[in-house]
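The values are calculated or read from the model by the stated rules, or taken from the named source; none is laboratory data. Just so you know, these numbers come straight off a predicted model, no measurement behind them. Counting neighbours? That spans all protein chains shown, and the Cβs are built from the backbone with ideal geometry, glycine included. For the accessible areas, the whole protein counts, side chains as well, though only heavy atoms, and no ligand, DNA or RNA atoms are used. Shrake-Rupley method; radii C 1.70, N 1.55, O 1.52, S 1.80 Å.
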Amino acid sequence: MHPQPAPLEPLRVLDLATLFAGPLAATMLGDFGAEVIKVEHPRRPDPSRGHGPAKDGVGLWWKLLGRNKRTVTLDLSTDGGRATLLRLAATADVVIENFRPGTLERWGLGWDELSAANEQLVLARVTGFGQFGPYSHRPGFGTLAEAMSGFAAITGEPEGPPTLPPFGLADSIAGLATAYAIMTALAARTATGRGQVVDMAIIEPILTVLGPQPLWYDQLGFVQPRTGNRSTNNAPRNTYRTADDRWVAVSTSAQSIAERVLHLVGRPDLIDEPWFATGTDRAAHADVLDAAVGDWIAQRTRDEVIAAFEKAEAAIAPIHDVRDVLADPQYAALDSVTTVDDPELGAIRMQNVLFRLSSTPGAIRWAGRPHGADTDTVLAELGLGDEEITDLRKTGAV
């Protein structure tokens with residue numbers, strides 16, 4: 001039985017974006033078969049190539065973010081770069097960009113020009129604040145979205161400062177949302193025959209995943225406080241240190257789980273307290289519950305604690321660092337971190353595709369490729385001859 005084609009194999013995506021939401025959306029599409037062409041400046045490679053640690057001068061973040069992408073160079077501010085991009089756009093289904101609003105228009109590559117070249121094109125515009133509004137022309141990064149959305153305000157200890165995540169949280173959420181938005185626009189195209197513009201503001205998807213905070217404030221005047229690892233909705237819910245100096249996380253979102261935990265730690269008397277009947281009331285007595293659970297856990301090793309919780313059918317997880325993740329049998333069973341053969345670095349390990357499809361699975365075909373590695377091939381596929389490509393190089397367009 002022959003494997004079926006990857007579900008997005010017919011799509012061609014031009015990734016003009018950098019750091020990190022737009023490129024991540026392109027990666028998600030490439031993982032399920034889309035042909036992704038990464039367009040970088042000839043003299044200023046994508047910043048992710050130099051972001052974070054490198055091995056033998058090769059940026060490792062790029063190996064992840066640039067996987068399943070062919071790489072070409074174009075200076076879009078030049079006449080030759082503009083003309084070549086329009087030729088590429090005429091063959092594409094999607095363009096993803098994250099320049100400040102007005103930049104593509106200044107280069108003669110705005111929606112009017114792109115849609116004239118290809119009326120079926122979907123243009124995904126990913127910016128910090130969106131294409132309009134008083135902040136639209138400000139430089140925007142995920143950190144600003146984490147601050148503005150309310151995420152930082154509720155993260156951290158109650159008496160401590162607002163806390164930012166140590167990774168690109170808002171960018172990553174926006175990247176996943178952008179991939180979803182692109183697929184929605186492509187679904188609409190099947191009905192209308194025409195593409196459209198996706199306007200993705202990085203400040204918005206993270207606001208969505210923060211839950212009903214605006215609704216709470218609108219209806220009740222309630223402002224969610226910082227509670228550290230505790231929750232305002234249930235308890236016990238915290239991280240606890242074990243006897244062998246490891247950490248575990250416990251969640252009791254369901255009433256039945258909370259009761260099992262208290263039976264397990266030898267405090268069934270607390271279940272009879274009137275306040276134990278709801279998650280919100282339990283959260284108001286978190287000190288008592290944390291003491292009961294924390295004292296019990298502190299007398300046992302991590303493996304003993306996890307085994308006891310599993311036997312009691314109570315929810316618990318070890319707190320992993322990356323070393324633990326790579327050794328965890330559940331992640332191993334799912335192949336969540338898989339091995340990819342790379343011509344530059346050999347066998348490398350990275351996160352696998354985001355989800356599993358039973359009939360048309362995604363795949364990592366290759367890790368991020370060198371800067372401009374596919375320029376000549378892609379331009380030749382467009383019909384450019386050797387002399388035309390040479391002229392583009394002479395003018396600095398590629």
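Would a scan of the stretch 257-275 turn up a residue that is assigned to a helix (DSSP H, G or I), in contact (Cβ under 8 Å) with a residue 12 or more places away in the chain and among the acidic types (Asp, Glu)?
Yes, that holds for at least one residue.
Could you look through the stretch 333-344, keep only residues that are open to solvent by 30 Å² or more (accessible area, probe 1.4 Å) and hydrophobic (A, V, I, L, M, F, W, C), and pick out the one that is farthest from Ala363 (Cα to Cα)?
Ala333
Tell me, yes or no, whether the stretch 189-200 has at least one residue that is among the hydrophobic types (A, V, I, L, M, F, W, C), open to solvent by less than 30 Å² (accessible area, probe 1.4 Å) and over 22 Å from Thr91 (Cα atoms).
Yes; the residues of the stretch 189-200 include at least one that is among the hydrophobic types (A, V, I, L, M, F, W, C), open to solvent by less than 30 Å² (accessible area, probe 1.4 Å) and over 22 Å from Thr91 (Cα atoms).
Residue by residue through the stretch 341-380, note down the ones that are assigned to a helix (DSSP H, G or I), within 22 Å of Phe32 (Cβ to Cβ) and among the acidic types (Asp, Glu).
Those that are assigned to a helix (DSSP H, G or I), within 22 Å of Phe32 (Cβ to Cβ) and among the acidic types (Asp, Glu): none in the stretch 341-380.
Take the stretch 1-33 and flag every residue that is within 16 Å of Val72 (Cβ to Cβ), in contact with an Asp or Glu (Cβ under 8 Å, 6 or more places away or on another chain) and among the aliphatic types (A, V, I, L, M).
Answer for the stretch 1-33, where residues must be within 16 Å of Val72 (Cβ to Cβ), in contact with an Asp or Glu (Cβ under 8 Å, 6 or more places away or on another chain) and among the aliphatic types (A, V, I, L, M): Val13, Leu16, Ala17, Ala26.
What do you reckon, is Thr239 assigned to a strand (DSSP E or B) and within 29 Å of the chain's Cα centre (by Cα)?
yes
Identify, please: which residue in the stretch 67-102 is in contact with a helix residue (DSSP H, G or I) (Cβ under 6 Å, 6 or more places away or on another chain) and assigned to a helix (DSSP H, G or I) and is, among those, most open to solvent (accessible area, probe 1.4 Å)?
Applying the filter and picking the extreme gives Ala90.
Can you tell me which residues in the stretch 123-154 are touching a residue at least 24 places away in the same chain (Cβ under 8 Å), outside any loop (DSSP other than H, G, I, E, B), more than 20 Å from Thr18 (Cα to Cα) and open to solvent by less than 70 Å² (accessible area, probe 1.4 Å)?
If the condition is that a residue be touching a residue at least 24 places away in the same chain (Cβ under 8 Å), outside any loop (DSSP other than H, G, I, E, B), more than 20 Å from Thr18 (Cα to Cα) and open to solvent by less than 70 Å² (accessible area, probe 1.4 Å), then Phe151, Ala153, Ile154 are the ones that fit.
Please specify each residue of the stretch 17-66 satisfying the condition of being open to solvent by less than 10 Å² (accessible area, probe 1.4 Å) and of a type in the set (Lys, Arg).
The answer is Lys38, Lys63.
Considering each of Glu157, Glu105, Glu119 in turn, give the residue that is outside any loop (DSSP other than H, G, I, E, B) and either modelled with pLDDT of 95 or more or in contact with a helix residue (DSSP H, G or I) (Cβ under 6 Å, 6 or more places away or on another chain) (or both).
Residue meeting the stated conditions: Glu105.
Residue under question is Leu392, and the condition is that it be over 26 Å from the mean Cα position of the chain (by Cα), farther than 27 Å from Ala249 by Cα and either open to solvent by less than 40 Å² (accessible area, probe 1.4 Å) or touching a residue at least 60 places away in the same chain (Cβ under 8 Å) (or both); does it hold?
Considered against the rule, which asks whether it is over 26 Å from the mean Cα position of the chain (by Cα), farther than 27 Å from Ala249 by Cα and either open to solvent by less than 40 Å² (accessible area, probe 1.4 Å) or touching a residue at least 60 places away in the same chain (Cβ under 8 Å) (or both), Leu392 comes out as yes.
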